[in-house]
Every structure is written in structure tokens, then in C-alpha cells.
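K.L.:
Please read through the structure below; I'll follow up with questions.
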Amino acid sequence: MYGSNYKQVASKYLTSVLFSAFMAFGQSVFAQEGSTSASTGGGSVQDSEVLVMLETDAGEIALQLFPEYAPKTVENFLQYVDSGFYNGTIFHRVIKDFMVQGGGLTFDYLEKETLDPVVNESNNGLRNLPGTVAMARFSDPNSATSQFFINLRANPHLDASATQPGYTVFGRVVEGRNAVFAIVDEPQGLIRKYPNAPNTPVRILKSYRISPDDLEAISAKKAAEEQKTKAQ
């Protein structure tokens with residue numbers, strides 16, 4: 001699974017760009033908070049009512065899913081969401097200037113039993129741009145199950161090409177980028193088997209579907225809180 005081969009050298013994917021510079025870049029290109037329409041690199045994605053909330057130890061992360069581009073992948077992801085599978089799983093692989101991965105391991109680093117793998121849909125025109133959500137997998141293109149990752153930067157080497165499939169993009173973060181970066185900022189290195197896991201596990205406490213109205217209300221509440229903080 002992409003990110004499950006923990007013996008890979010992380011530096012293979014890193015660049016020489018300073019992380020502070022990345023933070024300024026990454027936050028500027030994440031989806032506008034609360035927005036449900038954005039260009040993903042494969043054309044303009046229209047408003048979608050397929051939204052999922054991930055309540056995590058680091059805060060809330062809202063995702064917009066793209067069933068019109070990755071129908072099988074979205075169906076697969078929603079099965080895990082609706083069944084409560086993700087509740088209690090952790091973000092076990094976090095690499096600055098690359099991605100944040102989770103959705104398969106428990107708090108005590110045990111792999112959960114999954115459904116059958118889903119067919120690869122990476123040839124859908126969507127690219128692994130900052131803030132997009134894609135499926136993790138093994139080297140077999142059709143081996144993705146429950147694990148997913150949030151791209152922290154543009155990762156063109158993960159996109160499908162004319163000669164090989166890539167990693168299926170099926171959604172994007174529309175609220176909660178601060179929570180994503182909070183996960184990135186967590187100290188790591190104490191878990192020998194998972195050296196890129198936060199030292200204190202960051203859990204998905206609960207996952208569930210939300211409506212566009214729910215998202216609007218959440219965004220408005222957060223905006224009000226930010227204004228209140230600035231005024232103090």
C-alpha cells in the first residue's frame with residue numbers, strides 16, 4: 001500500500017524547500033475554506049453535495065468527494081464512513097511537504113480488517129494537488145482498501161500517466177486545513193515500526209456525512225471564532 005511500505009526512505013519524496021516556505025505555499029493553494037467548487041487540475045469540479053466530516057484529535061476536517069470522477073472509489077470510501085470503520089483509526093504516516101495518511105490502523109497500531117480492494121480510477125483527470133484526497137495502495141494499482149492520504153503539496157509523480165496508473169484522487173479538503181497542519185506539526189520518531197507516525201496518536205474520532213448547509217454553518221462559526229480571536 002502506498003505509505004504502508006514503511007522501509008521506504010522518506011527523503012525520496014522530500015524536496016529541499018524549507019517547510020516554513022511550504023506552509024505559506026500549501027495553505028494558499030488548499031481549497032478555500034467552506035467552498036464547494038474548485039479546480040483540481042483536471043478541469044473545474046462542480047458543486048457537490050457529497051461531503052464528509054472527520055472529527056479528529058487535531059480538529060475537524062471536512063471533505064468534498066467527487067463521485068462524478070471516481071464513482072467506485074467514493075462508494076468504497078462512504079462504505080467505511082457509514083459503517084463507522086474510520087472511528088478510532090489514526091493518521092500513522094505523516095511526511096512534511098508530502099502527505100498525511102490514515103484510515104487503516106487502530107490507536108495501538110493494529111491493522112483493521114477491510115473490505116475487498118477497489119478498482120483504480122486514477123485516470124479520471126484529477127491530479128494530486130495540495131489539499132486533494134487520494135487512496136493509498138500497494139504496488140498493485142487495484143489494491144486500495146480503506147487507507148487514504150491528504151496531499152500537502154503537488155505530487156505529480158502520484159498521477160496517472162500514459163504508461164502507468166497513479167493514485168486515485170477522489171476528494172479534497174474544504175474545511176479544516178489548520179487541523180491538517182496541526183497533524184503535520186506533531187512530533188514523531190518514537191514509534192519504531194512507524195517512524196513517521198505522530199508520537200501521540202492522532203485519531204479520527206468520528207466520521208459521518210454532512211450537508212452543504214452543515215458545511216456553511218461550520219465555516220461561519222469558525223470564521224466568527226477567528227474574528228473574535230483577532231479582536232482580542
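The values are calculated or read from the model by the stated rules, or taken from the named source; none is laboratory data. What you see is a predicted model; the values in this text were computed from it and never measured. Backbone-built Cβ (ideal geometry, glycine too); neighbour counts: all protein chains shown.
K.L.:
Among (1) of a type in the set (A, V, I, L, M); (2) out of contact with any Gly (no Cβ under 8 Å at 6 or more places or on another chain); (3) under 23 Å from residue 65 (Cα atoms), which single condition is residue 158 missing?
P.N.:
(2)
K.L.:
Do we have residue 207 as exposed (fewer than 15 other Cβ atoms within 10 Å of the Cβ) and either under 30 Å from residue 141 (Cβ atoms) or of a type outside the set (Val, Ile, Thr) (or both) here?
P.N.:
Criteria not met by residue 207.
K.L.:
Of the numbered conditions (1) within 13 Å of the chain's Cα centre (by Cα); (2) over 21 Å from residue 196 (Cβ atoms), residue 80 satisfies every one except a single condition; which is it?
P.N.:
The single condition residue 80 does not satisfy is (1).
K.L.:
Is there a residue being closer than 21 Å to residue 76 by Cβ, hydroxyl-bearing (Ser, Thr, Tyr) and free of Cβ contacts under 8 Å to residues at least 60 places away in the same chain anywhere in region 152-169?
P.N.:
no
K.L.:
Could you look through region 193-232, keep only residues that are of a type in the set (A, V, I, L, M) and not in a helix (DSSP H, G or I), and pick out the one that is nearest to residue 101 (Cα to Cα)?
P.N.:
197
K.L.:
Looking only at region 131-140, decide whether some residue is over 20 Å from residue 117 (Cβ atoms) and of a type in the set (A, V, I, L, M, F, W, C).
P.N.:
no
K.L.:
Identify, please: which residue in region 45-58 is part of a strand (DSSP E or B) and β-branched (Val, Ile, Thr) and is, among those, modelled with the lowest pLDDT?
P.N.:
Going through the qualifying residues, I end up with 45.
K.L.:
Looking for something surrounded by fewer than 17 Cβ atoms within 10 Å (Cβ to Cβ), of a type in the set (Lys, Arg) and touching a residue at least 60 places away in the same chain (Cβ under 8 Å) - is there at least one such residue anywhere in region 192-200?
P.N.:
Yes; the residues of region 192-200 include at least one that is surrounded by fewer than 17 Cβ atoms within 10 Å (Cβ to Cβ), of a type in the set (Lys, Arg) and touching a residue at least 60 places away in the same chain (Cβ under 8 Å).
Here is a yes/no grid of residues against (1) among the aliphatic types (A, V, I, L, M); (2) out of contact with any Ser or Thr (no Cβ under 7 Å at 6 or more places or on another chain); (3) modelled with pLDDT of 95 or more:
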position: 37; (1), (2), (3): no, yes, no
position: 43; (1), (2), (3): no, yes, no
position: 60; (1), (2), (3): no, yes, yes
position: 64; (1), (2), (3): no, no, yes
position: 67; (1), (2), (3): no, yes, yes
position: 79; (1), (2), (3): no, yes, yes
position: 97; (1), (2), (3): no, no, yes
position: 103; (1), (2), (3): no, no, yes
